[in-house]
Amino acid sequence: MNDGLTSGVPAPLGATFDGAGVNFALFSANGERVELCLFDAEGERELRRLDLPERTGDIWHGYLEGARPGLVYGYRVHGPYDPQRGHRFNPNKLLIDPYARALRGSLRWRDEILGYQAGSPEADLSFDTRDSAPFVPKSVVVAPNLAGLSHPRPHHPWTDTIIYEAHVVGLSKTHPAVPGAQQGTFAGVASPAIIEHLVKLGVTAIELLPIQAFVDEHPVARRGMHNYWGYNTLAFFAPHPPYLGAAPNPYGFKAMVERLHEAGIEVILDVVYNHTAESEEIGPTLAFRGLDNASYYWLRDDDPRYCVNVTGTGNSFNVKHPQVRQLVIDSLRYWTDVMGVDGFRFDLATTLIRDGSSFAVPGGFLDMVASDPILSRRKLIAEAWDVGPDGYRVGFFPPGWAEWNDRFRDTVRAFWRGDEHILPELAGRLLGSADMFEHDIAQNPTRPAWTSVNFITAHDGFTLADLVSYERKHNEANGEGNRDGTDRNFSANYGVEGPTDDPEIRAVRSRQMRNMLATLLLAQGTPMLLMGDELGRSQNGNNNAYVQDNATSWIDWPGLTEEGRALIGFVASLTALRRAHPQLRSDRFKHGFSLSNGLRDVAWLRPDAQPMQIEDWSDPAARSITVVFAAEDEPPLALMLNASADAQQFRLPAGIAAQWTILLDTAETGLSTVAGGEQFGLAPRALLLAEKSA
């Protein structure tokens, strides 16, 4: 390896090995000098500092002949330390390359990682001269992976998609059939045992909680805990090192994707581009803050010393800046082009489309995705809210995007709990929430019914088992005095808070879990299951288990009960029903339109099989209803729901020799057929699905 750098080229950004050496390119608009710092293989000892010799526009670059993959490096950027103007350059702080494909080492929370002197009366206006290198992760040069995918992408249509939200560790950590060294890693997720489980369930896509390299927040580390969920990203191109296992090859992630594709399962990543791990202005200097704080972060117009915080995490990533926006697009392209990912769920996606008080400005993030020939063909899911003004933007995203529908979650929970005044809201949610999604931002009726990503539970909140076992959260183990997590859970315990041996309470809880799972998988839209709900996983009432990297959050595979096995089979039967009946997964919203077979695509009936009237919809005590789904060349399906604590008499539509076959009965009464017009009892808190057979 030569002693110095030659000029190199400004593109591509990052560290690029060409077979003879490595080209380094880094964006910094306000920096005045950039040093490339080289370390030993363990990243513990700094060996050399070399100035990047050339600047093309705002890109600093240099070429190191003889450098090879595995080289450990970082940057120090010189420039003004003037927080009141938004600048926080401090060359004493080693910085991660934003385009680094791998990291070496971990973050140790010490005062040295701050750009200012901790405890100084001048606070963040002071300047710290200590070296942070011993306490921060380093970047690693990675050889390019030019191999294509060995298995075709599954390319499941949205109408056929069933998403399974999962965590790399929680899914595989305790499975006895996963080798010990693979538990809690990408290899564990790709193990035959886990894939067999996913295939049995009938899911078509696994949505992984953040796998881009992340670190613990300072308050979490101070409590001796770890960030489990991973919504604190530090490096947008690097897989989280612990998930790679003992052999830290970043392409271990790609190997997992290949195995899942082989099984017909798509991979969706939960990505966090709305903020970074550097937190607010008093946070650490690890990467973007020291590279060019005024470019990478959205700062207040009236006082650029402070970050705009519409994310609730201390900072907001400045995707309004063209170079920062390009970083996000380049990262997305890397994960899909190189690593084989099939789609993305964007955490707090509203932040990505903000421009002050306006949203989705021309030429912004949405336009860049829409014009990208690759990204525009991937599955794109928005969590369409943040904590800033007017931040709830569900229904706002354009055609081609799906959106998390939290109103589906709350409505279905409230209905099965037995709340009043729910039926009109439930009707809209069961049909894909056309009131929210059928029109795009230009009010054009171009968005399909799959736009609504329906869920009852997600990583953030109660699990399904806890939803029917606890009336209030129990987050004491998180170390925040039970103040964290929402108090708006729409949950019930049916007699006892937490676990019980009472057979009647257990029976009600089991039936309510089946009811909500069935409602989720039989509704129009795109269903999303939470990892472990299919076998009754509990978090002991913790509805914000973000720091619980332990048995609280992991699936307890060794402790799987017969009841849990039965619930797995129930979920598998639901996904099979959904696949077998196109009436349940229409591409178009249903509005009661007439079909060529004389039926309407949807009809709403009272329990006596008569059409719902205005007064029926407005009855606050109404908790029972039938919805009939129809499609061309398919027999109608009748979904009967009784959320009352009492049994309810139902009838199914009559006709000449009308006979209905029971496909699903969450009360497990053994009912098999019902004649049209015949009265029969539907058990308390129960659901039936029937198909007209004659």
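Values for this structure:
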quantity	calculated
Candidate lysines for bridging to residue 379, where Cα separation is under 29 Å - those fewer than 8 sequence places away on the same chain excluded	173, 200, 254, 320, 590
Cα long-axis angle, helix 503-522 against the chain (0 to 90 degrees, to the nearest 10)	70
The range 290-369 - percent relative contact order, Cα under 8 Å, separation 6 or more	22
Solvent-accessible area per residue, Å², over the range 271-412 with all protein chains present [probe radius 1.4 Å]	29
Positive minus negative residues near residue 570 (Lys, Arg vs Asp, Glu; Cβ under 9 Å)	0
As computed over the range 81-216, the Cα convex hull volume per residue (Å³)	200
Of the chymotrypsin sites (Phe, Trp or Tyr not before Pro) in the range 372-423, those whose Cβ has at most 15 other Cβ within 10 Å and which sit in DSSP loop	392
For the range 64-184: relative contact order, % (alpha-carbon pairs under 8 angstrom, 6 or more apart)	24
Carbon plus sulfur fraction of accessible area for the range 334-460, probe 1.4 Å, in percent	51
Label-point separation, residue 262 to residue 632 (7 Å along Cα→Cβ), nm	4.1
Where trypsin sites (Lys or Arg not before Pro) fall in DSSP loop in the range 427-535, at most 12 other Cβ within 10 Å	483, 488
Point-to-point label distance, residue 147-residue 501, nm (Cα→Cβ direction, 7 Å offset)	5.5
For the chain: relative contact order, % (alpha-carbon pairs under 8 angstrom, 6 or more apart)	10
Helix axis angle, 192-201 relative to the chain longest principal axis, alpha carbon, degrees	40
With at most 10 other Cβ atoms within 10 Å, longest stretch of the chain clear of loop GluC sites (Glu not before Pro) (DSSP)	123-694
Positive-end residue of 202, 676, 636, charge dipole of the chain with Cβ unit charges	202
Total charge dipole magnitude, the chain, about the Cα centre, Cβ charges on Lys, Arg, Asp, Glu only, Debye to nearest 20	800
Solvent-accessible area, 1.4 Å probe, carbon plus sulfur percent, for the range 527-644	51
Listed peptides 152-158, 131-137 by packing density, highest first (mean Cβ within 10 Å)	131-137, 152-158
Accessible carbon and sulfur surface of the range 124-271 relative to its total accessible area, %, 1.4 Å	60
Reachable lysines from residue 138, criterion Cα separation under 21 angstrom, eight or more residues apart if same chain	93
Rotationally averaged projected area of the range 419-516 (alpha carbon convex hull; nm²)	8.7
Whether the range 505-642 is rounded, prolate or oblate, judged on the alpha carbon gyration tensor where a/c under 1.5 counts as rounded	prolate
Neighbour net charge for residue 305 - beta-carbon separation under 11 angstrom, K R +1, D E -1	-3
Tilt relative to the chain, helix 252-262 - C-alpha long axis, 0 to 90 degrees, to 10	30
Accessible surface, the range 531-631, averaged per residue in Å² (probe 1.4 Å)	43
Distance histogram in 10 Å bins (all Cα pairs of the range 185-230, percent per bin)	22, 37, 25, 17, 1
Net lengthening on full extension, residue 78/residue 44 (0.36 nm per residue, minus Cα-Cα)	10.0 nm
Mean Cβ count within 10 Å, highest first, over the residues of peptides 231-238, 358-365, 573-580	231-238, 573-580, 358-365
Rg/Rh for the chain, where both radii come from Cα atoms and Rh is the Kirkwood radius	1.01
Accessible area per residue in Å² at 1.4 Å probe, computed on the range 638-694	41
The range 516-556 residues near the modelled residue 579 label - backbone nitrogen below 16 Å, point 7 Å along Cα→Cβ	521-522, 527
Computed lengthening from residue 421 to residue 127, 0.36 nm per intervening residue step minus Cα-Cα distance	99.9 nm
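The values are calculated or read from the model by the stated rules, or taken from the named source; none is laboratory data. Please read all numbers here as calculations on a predicted model, not as lab measurements. Counting neighbours? That spans all protein chains shown, and the Cβs are built from the backbone with ideal geometry, glycine included. Side chains included, ligands, DNA and RNA excluded: accessible areas come from the protein's heavy atoms. Shrake-Rupley method; radii C 1.70, N 1.55, O 1.52, S 1.80 Å.
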